[in-house]
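In what follows, a single structure is set out as structure tokens and then discussed.
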Amino acid sequence: MREGVFIIISNKLLLTVLTFMLFLLSACQTNNVKEEPYDGVPLKIAVVGEQPNVREEQINFNELSLSELHNSNLRKYDAVFIMEDHLSDASNSKYVEMYKNKNVPFFFVGSQANTIPFQDLENPMSYEEEAEKVNGTQNFISGILYEGEEKGYRGWKFSYPIKNSEVQRDNVQGIYSEVFKVVENEVNKNS
């Protein structure tokens with residue numbers, strides 16, 4: 001009789017564990033990017049490269065070159081986007097120093113090297129070397145904000161949405177909306 005009770009308890013335990021695992025797997029398959037558009041305050045964003053196609057109308061983009069960005073007072077901008085075609089140049093040491101000295105969040109769109117080549121490290125590699133090493137294809141946008149010697153860099157990563165275990169690389173509108181929410185939060189902290 002005890003053997004039958006043990007089998008029933010084991011089966012219940014197994015069923016509970018399997019149900020829990022299925023729950024976890026289904027949670028991992030959901031879309032990890034919220035689809036609600038950003039509806040906050042108007043933001044002004046400097047862009048190195050072609051401005052992104054976003055659904056929000058209250059976002060004002062101003063296209064600049066890296067050298068214009070380097071020589072500009074960025075206080076009039078809430079954030080800076082550096083688009084994929086300019087990431088290699090953006091990892092140049094003079095620009096890496098700029099990310100520390102300008103008090104604005106920088107977002108690197110399409111970076112396969114995350115933010116590593118854009119931070120002040122002892123032995124910096126080129127963007128291409130770091131991208132080959134990291135090969136971060138899960139994140140669409142990575143961002144940094146230098147907060148001083150004691151705190152260092154604060155960073156953000158915004159991944160592509162996942163639906164039915166498939167990475168949705170063609171759906172980036174929600175990612176931009178999430179970035180805008182972070183930018184607004186930083187603007188409110190500095191107000």
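The values are calculated or read from the model by the stated rules, or taken from the named source; none is laboratory data. Only a predicted model underlies this, so the values are computations on that prediction, with no experimental measurement involved. Here Cβ is always computed from backbone atoms with ideal geometry, including for glycine, and neighbour counts include all displayed protein chains.
Summary table
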{"quantity": "Pairs where the first residue, in region 74-88, is aromatic (F, W, Y) and the second is part of a helix (DSSP H, G or I), C-beta under 9 Å, 6+ apart", "calculated": "F81/V179"}
{"quantity": "Some residue of region 131-141 being aromatic (F, W, Y) and either over 21 Å from M83 (Cβ atoms) or not in a helix (DSSP H, G or I) (or both)", "calculated": "yes"}
{"quantity": "Number of positions in region 73-98 that are farther than 22 Å from S159 by Cβ and crowded, with 16+ Cβ neighbours inside 10 Å", "calculated": "7"}
{"quantity": "So H70, is it more than 15 Å from I144 (Cβ to Cβ), touching a residue at least 24 places away in the same chain (Cβ under 8 Å) and surrounded by 19 or more Cβ atoms within 10 Å (Cβ to Cβ)", "calculated": "no"}
{"quantity": "Residue identified as touching a residue at least 12 places away in the same chain (Cβ under 8 Å), within 26 Å of V54 (Cβ to Cβ), touching a Pro at 6+ places or on another chain (Cβ under 9 Å) and not hydroxyl-bearing (S, T, Y) among Q168, Q138", "calculated": "Q168"}
{"quantity": "Number of positions in region 105-136 that are out of contact with any Lys or Arg (no Cβ under 8 Å at 6 or more places or on another chain) and under 17 Å from G155 (Cβ atoms)", "calculated": "20"}
{"quantity": "Residue ID - modelled with the lowest pLDDT, chosen from residues in region 101-134 that are buried (at least 17 other Cβ atoms within 10 Å of the Cβ) and charged (D, E, K, R)", "calculated": "E130"}
{"quantity": "Subset of region 69-106 that is part of a helix (DSSP H, G or I) and of a type in the set (S, T, Y) - its residue that is nearest to the chain's Cα centre (by Cα)", "calculated": "Y99"}
{"quantity": "Tally, over region 52-62, of residues that are among the acidic types (D, E) and surrounded by 13 or more Cβ atoms within 10 Å (Cβ to Cβ)", "calculated": "1"}
{"quantity": "Test: residue in region 112-120 that is in contact (Cβ under 8 Å) with a residue 40 or more places away in the chain and under 17 Å from F81 (Cβ atoms)", "calculated": "yes"}
{"quantity": "Subset of region 107-130 (residues that are touching a helix residue (DSSP H, G or I) at 6+ places or on another chain (Cβ under 8 Å), farther than 20 Å from F61 by Cβ and part of a loop (DSSP other than H, G, I, E, B))", "calculated": "Q112, A113, N114, Q119, D120, P124, M125, S126"}
{"quantity": "Leading residue by the ranking (farthest from S91 (Cα to Cα)) among those in region 146-160 that are within 12 Å of the chain's Cα centre (by Cα) and surrounded by 13 or more Cβ atoms within 10 Å (Cβ to Cβ)", "calculated": "Y160"}
